[in-house]
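> Below you'll find the structure I mean.
The values are calculated or read from the model by the stated rules, or taken from the named source; none is laboratory data. All values reported here derive from a predicted model rather than from experimental measurement. Cβ placement follows ideal geometry from the backbone for every residue including glycine, while neighbour counts extend to all protein chains displayed. Only protein heavy atoms, including side chains, enter the accessible area calculation; ligands, DNA and RNA are left aside. Shrake-Rupley method; radii C 1.70, N 1.55, O 1.52, S 1.80 Å.
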Amino acid sequence: MRWLRLKVLKGSRQHRHRIRDWIEAHPRLAKILERGGCLHIDETTLARGIAVGLFIGMTPTVGVQTMLMIAASFAFRANFFAAFVVSNISNPFTMAPLYYGWNRLGNYLIEHLSIEPVVLNGLGEEVAFETLAMFVGSLVTAVPVAAAGHFLFLWLWRRLGLHLPIRRGDGNRVPAGRDDTAQ
């Protein structure tokens, strides 16, 4: 476990530098994201970000995913960067199997739960039915995956003993587990 913890912390440091550079290059956007709570880095904010990213990544919303993640990060005070990274579960390599699976699951649920789809004639009816089936199937999978990702992240965070350094009033960081302010 110690080896894994050290690997996670090393990778985290590298990513923090990249994020810090991006934030310095975009100060106005960073100010808006900070006010909304989207840049906070603590275990609950990161877990919420992972849940948002998994939920949006597990829905057929390609093309508007980033905008949806920004809105959801503001609404749930979730870490946007965690949501953005995790949403890549839906990528060009996994998109076809995910969409096919959601469509089959949605078709099954619509047939067995007697959901009445929109009644149209011709090709429009087929397109509407298949779209509805895909959205129903994706929502049925997105909700449990997002919840599982949230709780799994919190469990791993606590299991590995990952803690961020505590900031003192003078801006200096105190290593986790040592609080020199109580002397």
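> Please list 47-60, 97-110 highest first by mean number of surrounding beta-carbon atoms within 10 Å per residue.
Averaged packing, sorted descending, gives the order 47-60, 97-110.
> Calculate I(q)/I(0) for the range 98-157 by the Debye formula, one identical point scatterer on each C-alpha and no solvent, and give its log10 at q = 0.13, 0.21, 0.22, 0.23 Å⁻¹ to two decimals.
-0.43, -0.78, -0.82, -0.87
> Moving on. Determine the per residue accessible area of the range 21-120 with all protein chains present and a 1.4 angstrom probe, expressed in square angstrom.
59
> Using only the Cα atoms, what convex hull volume per residue in Å³ does the range 54-127 have?
It comes to 128 Å³ per residue, whole-number rounded.
> Grab the other residues whose beta carbon is less than 14 angstrom from that of PRO27, score K and R as +1, D and E as -1, and report the net.
Result for the local shell: +1.
> Which FRET efficiency value, to the nearest 0.05, is calculated for THR94 and LYS31 with the Förster distance at 30 angstrom and r the Cβ-Cβ distance?
Approximately 0.30, to the nearest 0.05.
> Between ASP21 and ALA71, what is the label-point separation in nm under the 7 Å Cα-to-beta-carbon projection?
It is 3.3 nm.
> Under the Karplus relation 6.51 cos²θ - 1.76 cosθ + 1.60, θ = phi - 60°, what is the ordered set of whole-Hz ³J(HN,Hα) values for the range 100-112, x standing for Gly and Pro?
Couplings: 5, x, 5, 5, 5, 5, x, 4, 4, 5, 5, 5, 8 Hz.
> What percent do you get for the relative contact order of the range 19-130 when only Cα pairs under 8 Å and 6+ apart count?
Once divided by the residue count of the range 19-130, the mean separation gives 24 percent.
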